[in-house]
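One structure below.
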Amino acid sequence: MKNYKIILSAALLTLSACSVNHVKNTSAGSDSAKNESPAASPGLFAKMQIKPTIKIGEAVELKFTVYNDADTARQFCKWHTPFEPLMSKYLDVKDASGQEMLYKGAMAKRIMPPPASSYIKVNPKDSLSVTVDLLKAYDISKPSKYTVIYVGQNMSGLTVKDSIEFVYGEK
């Protein structure tokens with residue numbers, strides 16, 4: 001009987017220790033989950049622009065503009081945007097047949113949450129623009145009509161509502 005009480009006490013102690021650790025891990029996990037996809041401040045959105053027709057051999061320049069419609073300054077994470085070009089695949093580029101163009105740029109590993117230096121401030125009622133050459137990161141080589149879709153919103157927090165299209169044609 002005495003051994004039974006010792007075994008039962010040890011089992012209860014072990015189970016209670018496991019549940020305390022589980023609660024701690026769950027709490028820490030939810031905090032890190034919140035930090036894994038930084039969201040931009042409300043009022044920020046982005047638009048992409050590109051020339052409708054581009055000759056083979058010319059740069060395929062994409063202009064990416066972030067707008068702040070809010071009455072106060074807002075910020076967004078520059079990761080997965082052209083503000084930190086060629087460090088990750090933040091665009092889907094597809095030809096007319098729907099085939100996705102190979103991304104050939106760098107793929108950066110990130111620490112979470114992003115440090116303060118990873119954020120860019122946009123003043124109220126203002127915008128910021130950057131231009132990047134898609135040929136430096138995507139295998140665009142054959143003549144075709146291409147569609148570009150921004151897919152980096154989970155990291156940057158920015159939304160781009162519309163895809164853009166361009167024709168990459170003969171010289």
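The values are calculated or read from the model by the stated rules, or taken from the named source; none is laboratory data. Just so we're clear, the structure is a prediction, and the values are computed from it rather than from any experiment. Here the Cβ is made from the backbone with ideal geometry for all residues, glycine too, and neighbour counts use every protein chain on show. Each accessible area value is taken on the protein alone, full model and side chains, heavy atoms only, with ligands, DNA and RNA left out. Shrake-Rupley method; radii C 1.70, N 1.55, O 1.52, S 1.80 Å.
With respect to (1) touching a strand residue (DSSP E or B) at 6+ places or on another chain (Cβ under 7 Å); (2) open to solvent by less than 50 Å² (accessible area, probe 1.4 Å), the lone exception for L135 is condition (1).
State whether one or more residues within region 64-72 are part of a strand (DSSP E or B) and exposed (fewer than 13 other Cβ atoms within 10 Å of the Cβ). No, region 64-72 contains no residue that is part of a strand (DSSP E or B) and exposed (fewer than 13 other Cβ atoms within 10 Å of the Cβ). Within region 102-121, one or more residues are closer than 22 Å to K51 by Cβ, touching a residue at least 24 places away in the same chain (Cβ under 8 Å) and surrounded by 13 or more Cβ atoms within 10 Å (Cβ to Cβ).
Of all residues in region 142-168 being in a strand (DSSP E or B) and touching an Asp or Glu at 6+ places or on another chain (Cβ under 7 Å), which is farthest from A59 (Cα to Cα)? Quick ask: steps written out before the conclusion?
Kept after step one, since they are in a strand (DSSP E or B), are these residues of region 142-168: 144-150, 164-168.
From the residues that got through so far, the ones that are touching an Asp or Glu at 6+ places or on another chain (Cβ under 7 Å) too are 144-147, 149.
Details: S144: 15, K145: 15, Y146: 14, T147: 16, I149: 18 Å.
This residue is I149.
Residues that are among the aromatic types (F, W, Y), touching a strand residue (DSSP E or B) at 6+ places or on another chain (Cβ under 8 Å) and in a loop (DSSP other than H, G, I, E, B) were ranked within region 73-101; the one that is most open to solvent (accessible area, probe 1.4 Å) is F83.
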